[in-house]
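The values are calculated or read from the model by the stated rules, or taken from the named source; none is laboratory data. Only a predicted model underlies this, so the values are computations on that prediction, with no experimental measurement involved. Here the Cβ positions follow ideal geometry from the backbone for every residue, glycine too, while neighbour counts run over all protein chains shown. Side chains are part of the model used for accessible areas, which takes the heavy atoms of the whole protein and leaves out ligands, DNA and RNA. Shrake-Rupley method; radii C 1.70, N 1.55, O 1.52, S 1.80 Å.
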Amino acid sequence: MGIGATAGVAAAGGFALSAQASGGSGTKTSNASGALVFDKDTYTELTTTITDAAGDDHEVKYHFYKAITYVTKPVDEKYQSLNISVPVAIDGRTVDATGAPILLANAVGGYMPSSVADATGVGGAAMTGAPGGATGGAGAGAGASAAPSASASASASGGVQSGGNAMLDGRGEMVDLGKLALVTGYVVVEPGARGRTLVDSSGTYYGTAPAAIVDLKAAVRYLRANKGRIPGNTDRIVSSGTSAGGALSALLGASGDSPLYDAYLKEIGAADASDAIFASGDWCPITDLEHADMAYEWNWGANELSSGSLVDQAVSKELTTAFADYQASLKLRAKGFGTVTARNLDAYLVRTYLEPSATKYLAALSDTARAAYLAANTFITWSGGRAAFSWTDFLTHVGARKKDAPAFDAFDLSSGENNLFGTGTTKARHFTLYSLRHEGSTGARPAGDLPAKIDLMNPMYFIGKHHPGRSKHWWIRVGTKDSDTALTVVGNLALSLENLGGDVDAFMYWDAGHGSNEDPADFMAWIARVTGYRGKK
């Protein structure tokens, strides 16, 4: 039985669900149509206090451009609009943001819709359909003590609930990258986007794949078409996102100017401009969905559910076996490991990410606190200021896994990802051959539109191709206790980019859960470094 598709290669014994890309990315012009010309004079001047990543308060005066529709033929303006915040003074000192980097901070979580329509200032982008039925958004500033929304509330693992779009620092407090970017002197763009749960009066789902990425690309095109009119450097757009938003941020970075999206973009009246971005910031990206079930079982298959029971071991083992074929197909190489396969991937993750993560965490503790932690976690060997342990002991340390098997393409079509690949009045569909055939005949084949849509939602598909529009700079983060997806997703994404010569800064936060962001100040400094921006005040 075929399990799924690799990035352009069929899994052994199966059928590829991937469509072949057309030729290389085309050259895009940068001319805005009359309907998409940015009006620099239509803003509200606001003053607010923002707490920076160090905990210091600053008075920020900025120009706020609210709910700009970024396409000429919107399906739903509530979601297909963006807000722009431009700093003009920080602590009374004038800021010239003319050449500042632009942070494109999406608020997508769980592949659900996000909107800026009700925002009253920077940081007001909101995700709808958040866990618990609330509307969530990272509206609080870094260090804020306001009660988190449903999308930000901490789960038992110490992270954000599955599907949440918020970021939490090491103290469990909210992090808002938009506000941090503004107080740093950058221009902030917060785009809305359609999502999988949107349904019209006829019962038609109009935000399923690839709507979200198409909308974000249209937002980028709007910015680039207005080069010289929009404050900030439209050639230095840096995206950010968490969870599904992290996956979309990675997809923006991987697929810039791909012609595969052109028909979708034309349909909504996107600007005739480039949608390539300069750099991509991705936190706990829920991506590579057609292989995510396999990766999840390879990673977390031996871990019990929170109930204390194991998932169906026959299913887990079949998916784990299939993952070996997929991993081999990537042909990734790492110094000291050679080709990274399913046989040495655990050692690669331990040495490259997990032990350095634990080492950094322990080194930052006081001697007393470190001794107490090591006494409670005897699986770690601490010698010469470095942590060492085995993959098996690490899995035991993490404990319960969050998701059943299959984790993403659920047999009963109950997952958010099943909904993501719905179409028309069909709410949810299978998107892997494994689940499709498990629930149907052994000869079942995917619907004709699915292969292309799956490709359009996966950055790994574009990374596997020659693609001039791909971002060169990448910031990738995940918590070591984040079992919303497999740690291999981050490992393979980062290594694929490194193998192509990309500038990749990837790290895993020790003992952190989903939605963790423990070094936001470093991200702000990274933006300045990769964009070459020194700032003007």
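A compact table of results
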item: Percent RCO, i.e. relative contact order, over region 284-389, from Cα pairs under 8 Å lying at least 6 residues apart; result: 16 percent
item: In region 163-271, chymotrypsin sites (Phe, Trp or Tyr not before Pro) in a DSSP loop with at most 10 other beta-carbon atoms within 10 Å; result: none
item: Loop GluC sites (Glu not before Pro), region 297-372, which have at most 15 other Cβ atoms in a 10 Å radius of their Cβ (DSSP); result: Glu304
item: Using θ = phi - 60° and Karplus 6.51 cos²θ - 1.76 cosθ + 1.60, couplings along region 524-529 (whole Hz; Gly, Pro as x); result: 4, 5, 4, 4, 4, 5
item: Cα gyration tensor, region 486-532 - rounded (a/c under 1.5), prolate or oblate; result: oblate
item: In Å², nearest 10: area of Glu498 left accessible to a 1.4 Å probe; result: 80 Å²
item: Spacing of the two label points (7 Å from each Cα toward its C-beta) at Asn344 and Ala372, in nm; result: 4.1 nm
item: Nearby lysines by direct alpha-carbon distance to Lys335 (threshold 21 angstrom, same-chain neighbours under 8 apart not counted); result: Lys472
item: Within the chain, helix-based [θ] at 222 nm, where runs of 4 or more DSSP H residues each add -39,500 (n - 2.57), nearest 500; result: -8000 deg cm²/dmol
item: Between region 341-371 and region 323-340, the Cα center-to-center distance that results, in Å; result: 21 Å
item: Reachable lysines from Lys465, criterion Cα separation under 16 angstrom, eight or more residues apart if same chain; result: Lys331
item: Furthest towards positive pole of dipole, Ala218, Tyr205, Val188, structure part region 162-256, Cβ charges; result: Ala218
item: Summed residue charge, Cβ within 11 Å of Leu182's Cβ, Lys/Arg positive, Asp/Glu negative; result: -1
item: Ala400 paired with Asp522, simple spin-label distance in nm, labels 7 Å along Cα-to-beta-carbon; result: 3.0 nm
item: Pair Ser309, Glu267: separation of 7 Å Cα→Cβ label points (nm); result: 4.1 nm
item: Which of Thr49, Thr184, Thr488 is most accessible, then next, and so on - probe 1.4 Å; result: Thr49, Thr184, Thr488
item: All lysines inside 25 Å of Lys402 as judged from Cα atoms, apart from same-chain residues fewer than 8 positions distant; result: Lys317, Lys427, Lys481
item: Rounded Å value of the spacing that divides the Cα centres of region 245-263 and region 436-506; result: 12 Å
item: Ranked order, Phe411, Phe64 - accessible area, probe 1.4 Å, largest first; result: Phe411, Phe64
item: Cβ-derived FRET efficiency at R0 60 Å, Lys61 paired with Ser383, nearest 0.05; result: 0.70
item: Relative contact order %, the chain, counting alpha carbon pairs below 8 Å whose residues are six or more apart; result: 20 percent
item: Local electrostatic count at Asn458 - Lys and Arg +1, Asp and Glu -1, tallied over other residues with Cβ under 13 Å; result: -2
item: Percent accessible area from carbon and sulfur atoms, region 245-308, protein chains only, probe 1.4 Å; result: 51 percent
